Amino acid sequence: MTSKLWSNLQPNVKRCRLLGGWLPWLSCWLEYHLSSLQSMTFRTGFNQSLEVIQLPSSLESMMLDYQFNPRSDGIQLPSRLQSLTFGDEFNESLEGIKLLSSLQSLEFGCRLNQSLAGIQLPSSLQSVTLVKSSTTACTDGIQLSSSLQRLMFGDEFNQSLRGIQLPSSLQIFKFGDEFNQSLEGVQLPSNLPSLAFGDELDGKIAVVVGREGVAASPQRNDNTKRHKRDDEMKT
């Protein structure tokens with residue numbers, strides 16, 4: 001009966017969410033009943049290797065939720081995948097994962113403590129989000145895509161960005177609330193339209209935009225807080 005149910009639903013199923021313990025059924029469903037799947041979320045409690053799973057070629061978005069942290073070696077990503085999100089517990093090397101040229105968005109959770117040096121990020125990548133609480137910098141040696149438009153660091157990220165080459169295509173550059181590092185020596189794109197700092201930024205920061213040195217005023221932080229308070233009062 002279960003097989004008949006999934007067979008009947010197959011033409012309309014575009015999204016799928018899986019909990020822990022469903023892996024034995026997953027291969028069969030993906031191959032025979034979910035071949036047109038576009039979005040897949042592995043929910044809290046799912047912490048099993050995906051090496052034996054052949055993901056459908058139609059998949060465009062995949063999210064590995066909170067507790068997912070098995071070895072990632074051997075995972076075969078589908079050729080149409082555009083968005084890949086790793087949950088908060090993920091802390092494995094990406095050396096065994098081939099990030100395909102179709103990927104546009106890549107997001108990591110707050111436990112990631114792996115170096116991204118030597119990881120080949122696809123040239124198609126437009127958005128990267130790093131949410132980090134560890135004291136070991138995973139950004140050392142990272143090679144960002146030349147077409148990257150959006151780079152965002154989560155609230156717990158507080159690592160130096162020295163040595164990172166920011167692409168001229170960058171449109172949005174955002175830091176989280178706990179970022180309080182100097183940007184002296186960091187080369188920002190001269191045409192960057194949006195740069196946002198969090199609440200912990202103090203007055204010691206120095207920013208270089210293009211070839212001109214620009215000192216970020218301590219009032220930038222005060223203004224950010226004031227705007228937040230104004231927005232709260234309006235709501």
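Collect the residues in the range 142-162 that are touching a Gly at 6+ places or on another chain (Cβ under 7 Å), under 25 Å from S124 (Cα atoms) and in a loop (DSSP other than H, G, I, E, B), keeping them in residue-number order. Within the range 142-162, G154, F157, R162 qualify. Name the single residue that is surrounded by the most Cβ atoms within 10 Å (Cβ to Cβ) among those in the range 144-159 being at pLDDT below 85 and of a type outside the set (A, V, I, L, M, F, W, C). Selected residue: G154.
The set of residues in the range 119-138 that are assigned to a loop (DSSP other than H, G, I, E, B) and modelled with pLDDT of 75 or more comprises I119, Q120, L121, P122, S123, S124, L125, Q126. Of the residues making up the range 167-186, those that are more than 18 Å from Q104 (Cβ to Cβ) and buried (at least 16 other Cβ atoms within 10 Å of the Cβ) are F175, G176, D177, E178, F179, N180, Q181, L183, V186.
How about the range 163-197: which of its residues are assigned to a loop (DSSP other than H, G, I, E, B) and either of a type in the set (G, A, S) or touching a Pro at 6+ places or on another chain (Cβ under 8 Å) (or both)?
First pass over the range 163-197, keeping only residues assigned to a loop (DSSP other than H, G, I, E, B): 163-171, 175-186, 189-193, 197.
G163, L166, P167, S168, S169, L170, Q171, G176, S182, G185, P189, S190 - these are the residues of the range 163-197 that are assigned to a loop (DSSP other than H, G, I, E, B) and either of a type in the set (G, A, S) or touching a Pro at 6+ places or on another chain (Cβ under 8 Å) (or both).
The values are calculated or read from the model by the stated rules, or taken from the named source; none is laboratory data. In this text the structure is predicted, and so the values were computed from the model without any measurement. So basically every Cβ, Gly included, is an ideal-geometry build from the backbone, and we count neighbours across all protein chains shown.
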